[in-house]
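Working notes for the structure below.
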Amino acid sequence: MEHLQGKSLEAALARLPNWRADNGALVRTYTFPDFIAAMEFVNNIAKLAESKGHHPDIDIRYNKVKLSLITHDAGGMTAKDADMAELISQNFAG
C-alpha cells in the first residue's frame, strides 16, 4: 500500500482541514465539556472503527481526545488513514 507523502499527503490534508500530519500519522484532537462526553465520543469512535476494520490510536486526557491514524501493517500513513479521518470528520463534529 502506497504511503501518503508529498503531494498525496497535501491533497489529503486539504480535504481534512482539522487534521494534521504529526510523527508519521494523521492526527486530530477533539475537546469536550467533560470526561463523560469525551468517553462517549471514544465509545462511538470504537464502534465506527470496528465496523471499518481500521482503528485509530486514542489518547484520552480528561476532556481532550487525540486520534492518530496510521496503517501499521504498511509502516506509515496511507489512503486508508485519510479515508478513515474523513469518515470520522463527517460523523463527529468538533
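Some values worked out for this structure:
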| quantity | calculated |
| --- | --- |
| Neighbour net charge for Ala79 - beta-carbon separation under 15 angstrom, K R +1, D E -1 | -2 |
| Positive-end extreme of charge dipole, the chain - chosen from Pro17, Gln5, His54 (charges on Cβ) | Pro17 |
| The range 24-94: mean projected area of Cα convex hull, nm² | 4.3 |
| Of the DSSP H helices in the chain, those whose Cα atoms cover at least 30 Å axially and whose Kyte score averages 1.6 or more | none |
| Fluctuation leader among Asp83, Asp34, Asp73 - the chain, Gaussian network, Cα springs under 10 angstrom | Asp73 |
| Qualifying lysines (Cα of each under 28 Å from Cα of Lys7; at least 8 residues distant if same chain) | Lys52, Lys66, Lys80 |
| For Ser68, net neighbour charge (Lys/Arg +1, Asp/Glu -1) across residues whose Cβ lies under 14 Å away | +2 |
| Surrounding net charge for Pro56, when Lys and Arg each add one and Asp and Glu each subtract one, Cβ distance under 12 Å | 0 |
| Sites matching chymotrypsin sites (Phe, Trp or Tyr not before Pro) across the range 3-94 that sit in DSSP coil, with at most 15 neighbouring C-beta atoms within 10 Å | Tyr62, Phe92 |
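The numbers here are math on the coordinates, done by the rules we state, and not lab data. Only a predicted model underlies this, so the values are computations on that prediction, with no experimental measurement involved. Ideal geometry is used to build each Cβ from the backbone, glycine not excepted, and the neighbour counts take in all protein chains shown.
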